[in-house]
Amino acid sequence: MSPSAAAPRTLAEELRRRSDQQLADLFRTRPDIGIPAPVDTSQVASRAVTRVSVSRALDRLDSGQLCVLEALMVTDAPVTPAKVRRLVDAPRAYVDDSIAVLRELALVWGTQRALHVVRTVHDVLGPHPAGLGPPSPSLDAGRIADLIADASAERPDAAAVLDRLAWGPPTGVIGRSSETVQALVGRRLLIPVDDDTVALPREVGLHLRGGRTTREPIDRPPAIATVPRDAARIANAAAGAAFDVVRRVDQLLEHWSLNPPSVLRSGGVGVRDVREVGALLGVESADASYLVELAFGAGLLARSEDRELGHVWLPTNEYDGWRDEPLARQWSTLVRSWLTGGRLASLSGSRDEQGRVVNTLAYDLERPLAPSVRRLTLEIAGSVAPEAYASADDVVKQARWYRPRRNELRDDIVRASLAEAQVLGLIAAGCLSSPARELLNGADGADALAPLLPEPVDHLMIQADLTAVAPGPLERSVAASVGDIADIESRGGATVFRFTPASIRRALDRGWPADRIHSLVGELSITPVPQPLTYLIDDVARRHGRLRVGNASVYVRCDDPTELDALINNPVVESLRLRRIAPTVALSDAPADIVIDRLTDAGVPPVAEGMDGTLHVPEAERRRATGRPQPATSRAPGLSGDQIDRLVRAIRVGDSAADRRPVGGDQPSAAGTLAALRDAVESGSTVWLAYLDQAGTPSERVVDPIRVDAGWLTAYDHRSERAQSFAIHRIGKVSTRHA
């Protein structure tokens, strides 16, 4: 606004005077007022002063900016930057920059000679800005010191009573000091609120504070104490964490593709299923819950309706593509979805307002605040030297300074974010890792992580105690094969596997012949295969399939009559009513699948065979969720650059329509409307229309008429930025009044 221009009388008037870039900046910082698209700046101003929108805008302010805003609220009119500078402990440039931010957010409007705080701000921040009480117009501010001295002479504890209220809250309950309070009330140094409560007048509070609204400098966050860390240690820890989290998510999803858990009525997954996953992955239940949420947030896990199992949790089709990507890319998918996701895994196991347990994957884990606080947490951790450790307490303190209006939830999110970032390798050895820094700078972080990862290996060191050591991450195909024949015993820089009868049996059940298992361990081992492992494979393979089930009705065949004797007399399988027809054969009238399940429960798992005696080992079915994965994030509303540009253009058109809107006047005749439109076509002028569409929705349009023909107007519509056709009989009014 030029110095000679009249001061705006309202926020709407000031917004209308803003440049296109300034309007675009407003929508960028307060996207909620642009959704849905407003018709003109008057509607923008109306939305900008709603309580919800103002509260969201205030949440963006740091402690210093909030202190400047509160100083604006308590300054006597006319409010100027110079007056505010005298109230707060901050450099001139910081105060001026903060006022500029507040004006950009449309929380403050006006000129440098008379600034105005939006009325709703007073309602949201409460009755005591900066911890000061209400003003007392009847109090002579120049006599406050004398009045305090006079009250202290009468009541020695008078100054102490005032001091207790000086820095807020400015209200107090009348107690043992009632006589002192009455002395202060009589001198108007306290204001009665009700029979039991008094308030410290704003003028007295400022006097006791030395004319300041702040106790200390407000232009910087609290300092962070740091401890140096070794760069190699940070890199190794980041790479190890990234490898572990990708492997565990992959293992989790592979397990659930074979054994999908049911969807609870609350939309989540059961506690027992999460514990089972934790045992499988070798982590605590809380960490298992986080990994489940991580997979869901990345779109790798979704609810699905299975024809046999009902509503279950299953990996998505995106999982198949993800697992074929390089590990660094897999990691990037997980961390980017975590950084922008709106779910808090740390709330799993807590209780909602009704006292019910909140399950993993439940709807109640959505928190819109999460993405911004996660990013803030990483930015604070990255604000110190690259190889410097910052304590969680110091990070929380700085987060409080940057987001002062969010209390316990903010602190909880910060601490949870630090722990989760460590699982992801974004924070390693207490420091922000180099991939995390790249992620915050807009990259996906994969290129920074890839050089830190060890090269995958394709071999094992098999030892005589039936263990095998992988000296590094195994290649994917090798890891899958080893996972079939051995169990993971421990993880770390090297992974230790153990061969057991159960693990060899698992491989045989999955269709591995014994000779293939021998061949695999021979190929993978860089040392001679120990005899104990060879004996183990042969022994389990020899016993595998000795007990067989087929259709007769159903027969059970066993090469060892003694073993069949023990089975028939086992009470666990009594319900099968086994009847012996030969030394090695018994019959049952139960279905084959039931017989297999009961025998497995009895500790003698059989295999099915066909009529020709060949083994039938069914291949495990890996299920996938049907349809597209559900969005797993709860992002705050945002607008793209193109959307903002269209909004600004549409608002300018709306303002133009408001300027062209006719004032009063009678409804024109059809002939008059037609004549006005034809005149506009001939003269090439712009007109304003009041139009009613087919749905009966009224609207105002600013158009450039092109032609009038057969009851239709063809015109260029400024709002949609394209030529449109308008039914002339639906045009209520026409105006060619210039804007």
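The values are calculated or read from the model by the stated rules, or taken from the named source; none is laboratory data. Note that the structure is a prediction, hence the values are computed from the model and not measured. With ideal geometry, Cβ positions are generated from the backbone for all residues, glycine too; neighbour counts draw on all protein chains shown.
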Residue count, the stretch 122-145, condition out of contact with any helix residue (DSSP H, G or I) (no Cβ under 6 Å at 6 or more places or on another chain) and hydrophobic (A, V, I, L, M, F, W, C), comes to 2
Quiz item: Leu165: free of Cβ contacts under 8 Å to residues at least 40 places away in the same chain and surrounded by 19 or more Cβ atoms within 10 Å (Cβ to Cβ), yes or no?
Solution: no
Of the residues in the stretch 692-717, those that are more than 19 Å from Arg678 (Cα to Cα) and in a loop (DSSP other than H, G, I, E, B) come to Asp693, Gln694, Ala695, Gly696, Thr697
Given the conditions (1) assigned to a loop (DSSP other than H, G, I, E, B); (2) in contact with a Lys or Arg (Cβ under 9 Å, 6 or more places away or on another chain); (3) over 23 Å from Pro221 (Cβ atoms), every one holds for Asp89 apart from (3)
| request: Determine whether Pro261 is at pLDDT 90 or above and either outside the structural domain of Leu365 (by TED's automatic domain parsing) or small (Gly, Ala, Ser) (or both). | output: no
Result of the Cβ filter at 9 Å on the stretch 705-723, keeping first residues that are assigned by TED's automatic domain parsing to the domain that holds Ser685 and partners that are surrounded by fewer than 18 Cβ atoms within 10 Å (Cβ to Cβ) and among the aromatic types (Phe, Trp, Tyr), at least 6 apart or interchain, is Pro705/Tyr716; Ile706/Tyr716; Arg722/Tyr716; Ala723/Tyr716
Within the stretch 170-189, the residues that are in contact with a Leu (Cβ under 8 Å, 6 or more places away or on another chain) and touching a residue at least 24 places away in the same chain (Cβ under 8 Å) are Pro170, Thr171, Gly172, Leu184, Arg187, Arg188, Leu189
When restricted to Ser19, Ser4, the only residue farther than 17 Å from Gln643 by Cβ, among the small types (Gly, Ala, Ser) and either modelled with pLDDT of 90 or more or surrounded by 15 or more Cβ atoms within 10 Å (Cβ to Cβ) (or both) is Ser19
Within the stretch 396-435, the residues that are closer than 19 Å to Leu61 by Cβ and among the polar types (S, T, N, Q) are Gln398, Asn407
Of Val384, Val358, Val373, the only residue that is surrounded by fewer than 20 Cβ atoms within 10 Å (Cβ to Cβ), assigned by TED's automatic domain parsing to the domain that holds Ala419 and in contact with a helix residue (DSSP H, G or I) (Cβ under 6 Å, 6 or more places away or on another chain) is Val358
Of the listed residues (Glu721, Glu700), the one being acidic (Asp, Glu) and surrounded by fewer than 18 Cβ atoms within 10 Å (Cβ to Cβ) is Glu721
In this structure, does Ser42 turn out to be within 15 Å of Arg649 (Cβ to Cβ), among the hydroxyl-bearing types (Ser, Thr, Tyr) and either surrounded by 15 or more Cβ atoms within 10 Å (Cβ to Cβ) or at pLDDT 90 or above (or both)? no
In the stretch 442-457, anything in a loop (DSSP other than H, G, I, E, B) and either hydrophobic (A, V, I, L, M, F, W, C) or surrounded by 13 or more Cβ atoms within 10 Å (Cβ to Cβ) (or both) is listed as Ala443, Asp444, Gly445, Leu453, Pro454, Pro456
Checked Gly321, Gly349 against criteria (at positive phi and either in the same structural domain as Ser372 (by TED's automatic domain parsing) or part of a helix (DSSP H, G or I) (or both)); the one match is Gly349
Scanning the stretch 423-439 residue by residue, those hydroxyl-bearing (Ser, Thr, Tyr) and either outside the structural domain of Gln330 (by TED's automatic domain parsing) or surrounded by fewer than 24 Cβ atoms within 10 Å (Cβ to Cβ) (or both) turn out to be Ser434
Considering the stretch 593-604, residues that are among the aliphatic types (A, V, I, L, M) and within 20 Å of Arg505 (Cβ to Cβ), and then whichever is surrounded by the fewest Cβ atoms within 10 Å (Cβ to Cβ), we arrive at Ala602
In the stretch 553-583, residues that are in contact with a helix residue (DSSP H, G or I) (Cβ under 6 Å, 6 or more places away or on another chain) and buried (at least 16 other Cβ atoms within 10 Å of the Cβ) total 5
A careful count of residues in the stretch 509-526 that are assigned to a helix (DSSP H, G or I) and out of contact with any strand residue (DSSP E or B) (no Cβ under 8 Å at 6 or more places or on another chain) gives 9
With the first residue restricted to the stretch 503-532 and required to be closer than 14 Å to Met461 by Cβ, and the second required to be assigned to a helix (DSSP H, G or I) and not aromatic (Phe, Trp, Tyr), Cβ contacts under 6 Å at 6 or more apart or on different chains are Val529/Val521; Val529/Gly522
Tell me whether the stretch 398-405 contains one or more residues that are closer than 28 Å to Gly268 by Cβ, surrounded by 22 or more Cβ atoms within 10 Å (Cβ to Cβ) and within 18 Å of the chain's Cα centre (by Cα). no
Scanning the stretch 312-345 for residues that are without any contact (Cβ under 8 Å) to a residue 40 or more places away in the chain and out of contact with any helix residue (DSSP H, G or I) (no Cβ under 9 Å at 6 or more places or on another chain) gives Gly321
Going through the stretch 469-505 in order, the residues found to be of a type outside the set (A, V, I, L, M, F, W, C), at pLDDT below 90 and assigned to a loop (DSSP other than H, G, I, E, B) are Pro471, Gly472, Pro473, Glu475, Arg491, Gly492, Gly493
Scanning the stretch 117-139 for residues that are more than 15 Å from Leu184 (Cβ to Cβ), assigned to a loop (DSSP other than H, G, I, E, B) and touching a residue at least 24 places away in the same chain (Cβ under 8 Å) gives Val118, His128, Leu132, Pro134, Pro135
If you go through Thr584, Thr562, the only one that is touching a strand residue (DSSP E or B) at 6+ places or on another chain (Cβ under 9 Å) and either within 30 Å of Thr467 (Cβ to Cβ) or of a type outside the set (D, E, K, R) (or both) is Thr584
### Task
Go through the residues of the stretch 305-313 one by one and say whether even a single one is out of contact with any Gly (no Cβ under 7 Å at 6 or more places or on another chain) and at pLDDT 90 or above.
yes
